[in-house]
Amino acid sequence: MSGKVGFISLGCPKALVDSERILTQLKLDGYDISPNYDDADVVVVNTCGFIDSAKQESMDAINEAMKENGKVIVTGCMGKGADAEAIKTANPNVLSVSGPADYASVLGAVHEFVPPKVDGVEGGHNPYIDLMPPQGIKLTPQHYAYLKISEGCNHRCTFCIIPNMRGDLVSRPISDVVEEAKKLVESGVRELLVISQDTSAYGVDMKYKLDFVDGNALETRMQDLAVALGELGIWVRLHYVYPYPHVDKVIPLMAEGKILPYLDIPFQHASPKILKLMKRPGNQEKVLERIKAWRAICPDLTIRSTFIVGFPGETEEDFQLLLDWLEEAELDRVGCFKYSPVEGATANQLPDPVPEDVQQQRWERFMETQQVISARRLQRKVGQTLEVLIDDVDEEGAVGRSAADAPEIDGNVFINDIESVVALGLEPGDMVQVTIEHADEYDLWGRLV
Ligand code: SF4
């Protein structure tokens, strides 16, 4: 053993994949992962800098690790620019601070402060590194995994500092992505969650370069990737899809059951004026037409989205337009955030901030509107039999998800007939058929078929 590393992973699934890569390499280098501060020779904190509350959580984690252990390496989205300076000022004794996806700096810092050893000898080569599972270290349960297909983003949404932190879009070769997906499937993964900052832009930076997967020529683009992943016989779920016209091309794959009929598209707003201020594409009328066309091709399609209310300049008229659009779009799953300025975002310079009490009222009205829509759409599932992937089994029954539910962010399907659950010996990762008996605005309840 080279030593023990404690690890704190904060933030979104993209940061989680960074953590998995760092942990995988640490294991390859012979380090053990310590679940507590006392045993760890050094602690790595992978931070999140998305919004102020996330930054505060990261700062608190760094402070705690400094207090409890004292040897701390900081990485992630707060490891660049003013945030990095703030970390060093608050904790001058942190060993190293590096930015997101900067694996080399984190590993270099661990090696420097806890040198790798083989049989107690520093710098030796470990002949047993192939004992590492081929899929690497995963922080998700064994039956699902995030598959990161690119890093960075070419857009410049005014509320977002991700391009400053992670740079412009850099896509991974499609052969690498499919190879990783296959290893994950061989290790027992039943659901792949495709993630990036902008999944539909995949391959733009590589000019859709031709690549080969199992002798088949594929272009580095979202449609070809969806086709290749659709051959693996597992659930494939697309996240963070920007509403480009070519998204239309993956809908038939969903209708054919190749990939899950699920699209996570962050629309953010519906008012053309606010979308322009956000520097997002502005034709929401066309988007409504496309949603209708998608549903005509794939009636089971689930659409999840996120929105921001109280953006600078948002009037009551803009907000009402958003509510009307929401009623017409009838999205299935929706998250909503009250706008809050993030240091370094260009939206901070926009005039006409929306007062906090108005933001709060609009958020409540938005959530009330969407809850009625979500409840109505979920109610249609009562009486249907759905395929459900089991996430957890306890003394009350089993909890799983249908094709319409991404882990962590969407609802669950609860199966409370404990006798059947026990009789079948259900375990996480099992796929079962469930007849839905009850629904609320988020979750479903049913019995095993
Ligand atoms: S699409 Fe916009 S919000 Fe998403 S990462 Fe890129 S700049 Fe940020």
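Numbers for the structure displayed
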item	result
Where a residue in segment 143-171 is closer than 13 Å to residue 199 by Cβ and of a type in the set (Lys, Arg) and its partner, wherever it lies, is more than 8 Å from the ligand (Cβ to nearest atom) and in a loop (DSSP other than H, G, I, E, B), with Cβ under 7 Å and at least six apart	148/196
Members of segment 182-215 found to be under 14 Å from residue 228 (Cβ atoms), open to solvent by less than 60 Å² (accessible area, probe 1.4 Å) and of a type in the set (A, V, I, L, M, F, W, C), listed by number	184, 185, 192, 194, 213
Segment 1-55 - residue that is over 21 Å from the mean Cα position of the chain (by Cα) and of a type in the set (Lys, Arg) and, of those, farthest from residue 68 (Cα to Cα)	27
Residues that are in contact with a helix residue (DSSP H, G or I) (Cβ under 8 Å, 6 or more places away or on another chain) and open to solvent by 70 Å² or more (accessible area, probe 1.4 Å), drawn from segment 409-449	442, 447
Filtered residues of segment 168-191 (kept if in contact with a strand residue (DSSP E or B) (Cβ under 7 Å, 6 or more places away or on another chain), more than 11 Å from the ligand (Cβ to nearest atom) and part of a loop (DSSP other than H, G, I, E, B))	172, 173, 189, 190
Test for residue 146: is it of a type in the set (Ser, Thr, Tyr), modelled with pLDDT of 90 or more and either touching a helix residue (DSSP H, G or I) at 6+ places or on another chain (Cβ under 7 Å) or more than 26 Å from residue 14 (Cα to Cα) (or both)	yes
Top-ranked residue of segment 141-167 - restricted to ones that are more than 16 Å from the ligand (Cβ to nearest atom) and part of a loop (DSSP other than H, G, I, E, B), ranked as least open to solvent (accessible area, probe 1.4 Å)	143
Strands (runs of 3 or more DSSP E) completely within segment 216-318 that count 2 or more residues being touching a strand residue (DSSP E or B) at 6+ places or on another chain (Cβ under 8 Å) and open to solvent by 30 Å² or more (accessible area, probe 1.4 Å)	216-219
Filter result (over 17 Å from the mean Cα position of the chain (by Cα), under 23 Å from residue 407 (Cα atoms) and among the small types (Gly, Ala, Ser)) within segment 167-219	187, 188
Residue 205, sole failed condition from (1) assigned to a helix (DSSP H, G or I); (2) touching a helix residue (DSSP H, G or I) at 6+ places or on another chain (Cβ under 9 Å); (3) within 16 Å of the ligand (Cβ to nearest atom)	(2)
First in segment 176-200 and under 28 Å from residue 157 (Cβ atoms), second anywhere and of a type in the set (D, E, K, R) and in a helix (DSSP H, G or I), Cβ under 9 Å, 6 or more apart	195/14; 196/14; 197/14; 197/166
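The values are calculated or read from the model by the stated rules, or taken from the named source; none is laboratory data. Bear in mind that the values here come from a model prediction, so they are computed numbers and not experimental data. Every residue, glycine among them, receives a Cβ derived from its backbone with ideal geometry; neighbour counts consider all protein chains shown. Areas reflect the complete protein model, heavy atoms only, side chains present, ligands, DNA and RNA absent. Shrake-Rupley method; radii C 1.70, N 1.55, O 1.52, S 1.80 Å.
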